Amino acid sequence: MNLDFSDDQKLLQSEARKFLEKEQSLQRSRSVLNQQEALDTDLWQQIVAMGWTGIRIPEQYDGLGLGHLELCVVAEELGRSLAPVPFSSSVYLFTEAIIKFASDEIKQDLLPKLVTGECIGTLAITEQLLAPTAQNINTTVANNAVSGTKIAVPDAGIATHVIVICNGQKGIELRLVELSDDCNIQKQDTIDDSRGHFSIDFNNANSQLLGHHGAGWRLLQNLLDQAAVMFSFEQLGGAQATLDMATSYAQQRFAFGRAICSYQAIKHKLADMYIKLTLSKSNSYYGAWALSTESAELAVAAATARVSATQAFNYCSQENIQTHGGNGFTWEYDCHLFYRRAKLLSLNVGSLATWKEKLIHGLEKAQPANAQ
């Protein structure tokens, strides 16, 4: 595997970074957190206007018709800036599911609306504190009507549509539901309210099938493998930002007449952050390669990227606080914003333990039958 981004992709990443810095995305995230709003509407509208929501949508539906690598570089910059927008739920998950599994009629209806921002989507999987499995999905569908309760649904308070994992007569199904009066949506408190999460009670909500009857769990796993790579780049961007913050602070902060970066304890702390970040970058690139080439290694590559990126962002966000000393625990410094987002992203599309299990299972399947 040898992956590097093209000049055009690097240019897209550079312009995305300039835009998010110019729009002070990090400060917008703090503002949303302070005011407990669902998102920064102005920033979201600007992102829509720049065409990022249509990166993967084919040109026949008014999208840009680009690939997953372009989405990866944008995801990294959104993670670096902690953008308080529903990009991951609407683009990594919902849009990809519509592109891959929806009928032509649904595509013609929703994909142009996703490009313009008229439609915002999300994915509803979780029903309890246990990790979701094909055996513990209790939300049901009968005669195209969905009933049940989902929790921790990202951005449901601002979404127009949701894809629901349901238990049908022939097994697990993916069901497209337009959020309406048949759906009772309640805000749930999380560690990072700049990315809102909600519970949804479905009361015989009308739905449309995505994919085939009984194939929902297999389709979901494929979708989550793709999304895991995108999330790993978002986590990679956040980890890089925290390392940059810690390094800058250590160079400027003086103690006993010396910059604290000259002390061995701080040097080791920064070096450990760099090592975890570099490992995460390597594994995320592996995931991007597998995704962009439609490799049979995608399941293993996605799990590897997800585990490594989760560990890196969690570690770097924690050590960034420690490097800042007492200031790192204050509301005024930005350290806690990254710590909050690291913890939140570590649970989106499955916990660290879930992805470790997927990685082990994937490696076992990849072994030759006669391997000892």
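Give the residues of region 257-280 that are more than 17 Å from A246 (Cβ to Cβ) and part of a helix (DSSP H, G or I), sorted by residue number.
The answer is L279, and nothing else.
Take the conditions out of contact with any Cys (no Cβ under 7 Å at 6 or more places or on another chain) and surrounded by 23 or more Cβ atoms within 10 Å (Cβ to Cβ) and apply them to R195. Does it pass? Steps first, please.
Numbers: out of contact with any Cys (no Cβ under 7 Å at 6 or more places or on another chain): yes; surrounded by 23 or more Cβ atoms within 10 Å (Cβ to Cβ): yes.
Yes, satisfied.
Take the residues of region 160-177 that are buried (at least 17 other Cβ atoms within 10 Å of the Cβ) and among the charged types (D, E, K, R): which is nearest to S90 (Cα to Cα)?
For region 160-177, the residue satisfying everything is R175.
For region 338-353, check the following and say yes or no: at least one residue is touching a residue at least 40 places away in the same chain (Cβ under 8 Å), over 22 Å from L93 (Cβ atoms) and among the aromatic types (F, W, Y).
yes
Any residue at all in region 189-197 that is of a type outside the set (A, V, I, L, M), under 30 Å from Y315 (Cβ atoms), part of a strand (DSSP E or B) and within 16 Å of the chain's Cα centre (by Cα)?
Taking region 189-197 and keeping what is of a type outside the set (A, V, I, L, M), we get 189-190, 192-197.
Filter once more, keeping what is under 30 Å from Y315 (Cβ atoms): 189-190, 192-197.
Next, from what is left, pick out any that are part of a strand (DSSP E or B): 197.
Then keep just the ones that are within 16 Å of the chain's Cα centre (by Cα); that gives 197.
For region 189-197, residues of a type outside the set (A, V, I, L, M), under 30 Å from Y315 (Cβ atoms), part of a strand (DSSP E or B) and within 16 Å of the chain's Cα centre (by Cα): present.
Table: residues versus (1) in a helix (DSSP H, G or I); (2) crowded, with 21+ Cβ neighbours inside 10 Å.
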{"site": "A290", "(1), (2)": "yes, yes"}
{"site": "A296", "(1), (2)": "no, no"}
{"site": "A302", "(1), (2)": "yes, yes"}
{"site": "S308", "(1), (2)": "yes, yes"}
{"site": "G326", "(1), (2)": "yes, no"}
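Out of all the residues in region 40-74, which are of a type in the set (D, E, K, R), touching a residue at least 24 places away in the same chain (Cβ under 8 Å) and closer than 13 Å to I99 by Cβ? Walk me through it before giving the result.
First, pick out the residues of region 40-74 that are of a type in the set (D, E, K, R): 40, 42, 56, 59, 62, 70.
Next, only the ones that are touching a residue at least 24 places away in the same chain (Cβ under 8 Å) stay: 40, 56, 62, 70.
Hit for region 40-74 is R56, nothing else.
Do any residues in region 82-111 that are closer than 13 Å to F231 by Cα and of a type in the set (D, E, K, R) have Cβ atoms under 6 Å from those of residues that are at pLDDT 95 or above and in a loop (DSSP other than H, G, I, E, B), where the two are at least six apart or on different chains, and which pairs are they?
Within 6 Å, no pair qualifies.
Quick grid of which residues meet (1) surrounded by 14 or more Cβ atoms within 10 Å (Cβ to Cβ); (2) in the same structural domain as I200 (by TED's automatic domain parsing); (3) under 17 Å from the mean Cα position of the chain (by Cα):
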{"position": "I99", "(1), (2), (3)": "yes, no, no"}
{"position": "S103", "(1), (2), (3)": "yes, no, no"}
{"position": "K107", "(1), (2), (3)": "yes, no, no"}
{"position": "L130", "(1), (2), (3)": "no, yes, no"}
{"position": "N136", "(1), (2), (3)": "no, yes, no"}
{"position": "V141", "(1), (2), (3)": "yes, yes, no"}
{"position": "T149", "(1), (2), (3)": "yes, yes, no"}
{"position": "I158", "(1), (2), (3)": "yes, yes, yes"}
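Suppose the filter is within 16 Å of G287 (Cβ to Cβ), among the basic types (K, R) and not assigned by TED's automatic domain parsing to the domain that holds T133; does K343 pass it? Working first, answer last.
Details: within 16 Å of G287 (Cβ to Cβ): no; among the basic types (K, R): yes; not assigned by TED's automatic domain parsing to the domain that holds T133: yes.
It is false that K343 is within 16 Å of G287 (Cβ to Cβ), among the basic types (K, R) and not assigned by TED's automatic domain parsing to the domain that holds T133.
Kindly list, by first and then second residue, each pair from a residue in region 123-146 that is farther than 17 Å from T190 by Cα to a residue that is of a type in the set (D, E) and assigned to a loop (DSSP other than H, G, I, E, B), limited to pairs with Cβ atoms under 8 Å and residues at least 6 apart or on different chains.
N136/E127; I137/E127; N138/E127; T139/E127
For region 335-360, which positions are among the charged types (D, E, K, R) and under 16 Å from the mean Cα position of the chain (by Cα)?
First pass over region 335-360, keeping only residues among the charged types (D, E, K, R): 340-341, 343, 356-358.
The answer is R340, R341, K343.
Taking V48 as the residue in question, decide whether it is in a loop (DSSP other than H, G, I, E, B) and outside the structural domain of S317 (by TED's automatic domain parsing). It would help to see each step written out before you state the result.
Numbers: in a loop (DSSP other than H, G, I, E, B): no; outside the structural domain of S317 (by TED's automatic domain parsing): yes.
No, not satisfied.
Can you find even one residue in region 68-89 that is over 15 Å from the mean Cα position of the chain (by Cα) and of a type in the set (G, A, S)?
no
The values are calculated or read from the model by the stated rules, or taken from the named source; none is laboratory data. Here the structure is a predicted model, which is why all the values come from computation and not from measurement. We place every Cβ from the backbone using ideal geometry, glycine too, and count neighbours over all the protein chains shown.
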